[in-house]
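Remarks on the structure that follows.
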C-alpha cells in the first residue's frame with residue numbers, strides 16, 4: 001500500500017479514521033494496544049480504527065514522513081487533522097477519538113509535572129522580580145506569563161476568547 005492508495009481508501013470512509021502505525025516488537029505499541037482497542041470499541045460505528053504494521057509498509061511510513069512508532073493519524077475525509085507519535089494513555093485516546101468525531105484537532109493538555117514545573121518557575125520569577133531592589137518589570141512579566149502558561153487551559157476567560165477567535169476564523 002502506498003500513500004495514494006491509503007488516502008483514497010480513507011477518503012471513501014463515511015466516518016473519521018484513526019490510523020495507528022505500530023510494530024509487533026514495539027513495547028509502547030503493546031502497552032497502548034488494550035486501551036486503543038477499548039476506545040475503538042466505545043466509538044464503534046462513529047470513528048474507525050485502522051492499524052497498519054510499520055514493518056510491512058516501510059514505503060508508506062517514508063511517504064507519510066512517520067519517523068517513530070507508535071504514531072496515530074486522525075483522518076477526516078482523507079485529510080490529516082492530527083498526528084501524534086508516542087504511546088498515549090486511555091484518557092488521552094478518549095480525547096483523540098472524541099476530537100476525531102468532532103472533526104477537530106485535540107486541544108493540547110499539560111502533564112501534571114509540566115504544569116508544576118511551569119507554575120514553580122513562574123512563582124520563582126515573580127518572587128525574584130519583587131525582591132530585587134530594582135524590581136525589573138521584565139522578570140515580573142516573564143513570571144506572570146510562565147505562571148499563566150501552567151493554568152491557561154483551565155481559565156474560563158481564555159477558553160471563551162479562544163473559542164471566539166476560532167469562530168471568527170471560519
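Rule-based calculations on the coordinates, nothing more; no lab input. The shown structure was predicted, so the numbers you read here are calculated from the model rather than taken from an experiment. Backbone-built Cβ (ideal geometry, glycine too); neighbour counts: all protein chains shown.
Quick notes on this one:
- Two-site FRET efficiency, residue 128 against residue 65, from Cβ-Cβ distance with R₀ of 35 Å, rounded to 0.05: 0.25
- Extension gain (nm, one decimal) between residue 105 and residue 135, 0.36 nm per residue minus Cα-Cα: 6.7 nm
- Net length gained if the chain between residue 51 and residue 12 were fully extended (0.36 nm per residue, minus Cα distance): 12.3 nm
- For the chain, the longest principal axis of the C-alpha atoms and the axis of helix 90-102 are separated by about 70°.
- For the chain, the longest principal axis of the Cα atoms and the long axis of helix 27-42 meet at an angle of about 80 degrees.
- Segment 3-102 pair-distance distribution - Cα-Cα, 5 Å bins, rounded %: 2, 14, 27, 26, 20, 10, 1
- Shape of segment 1-57, Cα gyration tensor, a/c cut at 1.5: oblate
- Calculated mean residue ellipticity at 222 nm for the chain: -17500 deg cm²/dmol, from DSSP H runs with n ≥ 4 weighted as -39500 (n - 2.57), summed, divided by the residue count and rounded to 500.
- Angle in degrees between helix 137-151 and the longest Cα principal axis of the chain, rounded to the nearest 10: 40
- With each label modelled as a point 7 angstrom along the Cα→C-beta vector, the residue 81-residue 121 pair spans 3.2 nm.
- Under the Debye formula (equal points on every Cα, no solvent term), log10 I(q)/I(0) of the chain at q = 0.12, 0.14, 0.16, 0.18 Å⁻¹: -0.70, -0.85, -0.98, -1.11
- Three-way shape label, segment 112-169, alpha-carbon gyration tensor, a/c 1.5: oblate
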